Amino acid sequence: MLKCSIALIACFTSILSDVSTIEGYWRSIDDKTGEKLSVIEIRKDAKNEYNGTIVYRYPTVPGAKALSHCTKCTGALKNKPILGMQLLTGFKDDPNKANAYIDGLIVEPKSGRHYKGKGNLSSDGKRLRMRGYIGVSSLGRTVVWLRTDSANP
């Protein structure tokens, strides 16, 4: 009985710890059209920084132009496939705020632009508010990503 209780507590604790981090899979939604765009996998690296890679692209709606390569990107990302692209780099836990992430960089594949970034995880761990900005945070845009269970929706 005691072993069973300990196992349940360990399982419950691991479930709770999963929602207090941005690690995992996230569904990005176009904030203008509401269309599902991609699934991004966020992982923490050896430097304790979070990085996100596009692991799935949703099919485009009929009649829409499919964006398969970052044609507007510059430098090393120029004409690279969007699937497999690392679009989040260097996000760190905010030492002053729970469920907040700072000091990251975000690439927007549609425009090829690079932005400073920060994020906030909802208290239930199901929504991630990602803000990309130039210079100061007030000069930016926020999108909401939804947690998903896997890379394949």
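Bear in mind these aren't lab numbers, they're just calculated from the coordinates by the rules spelled out. Given the structure is predicted, the values throughout are model-derived calculations rather than measurements. Virtual Cβ from ideal backbone geometry, glycine too; neighbours counted across all protein chains shown.
Some points to look at:
- Rg of the Cα atoms in the stretch 49-117, relative to 2.2 N^0.38 Å, amounts to 1.28.
- Cα convex hull of the stretch 32-153 - mean projected area over all directions, nm²: 8.5 nm²
- Cβ-defined net charge surrounding Ala151, 15 Å radius [Lys, Arg +1; Asp, Glu -1]: +2
- Multiplying the residue separation of Ile134 and Ala98 by 0.36 nm and removing their Cα-Cα distance gives an extension gain of 10.6 nm.
- Extension gain from Lys80 to Thr33, taking 0.36 nm per residue of separation minus the Cα-Cα distance: 14.5 nm
- Unsatisfied cross-links (Cα-Cα over 21 Å) in the set Lys44/Lys116; Lys36/Lys126; Lys78/Lys118; Lys47/Lys126; Lys80/Lys110: Lys78/Lys118; Lys47/Lys126
- For the stretch 15-142, the residue among Ile106, Thr71, Gly84 whose Cα projects farthest onto the positive side of the dipole built from Cβ charges is Thr71.
- Amide H to amide H distances under 5 Å link Ile82 with His69, Cys70, where only residues 5 or more positions off or on other chains count and H is placed in the peptide plane.
- In terms of the mean number of neighbouring beta-carbon atoms within 10 Å, the peptides 84-92, 69-77 order highest first as 84-92, 69-77.
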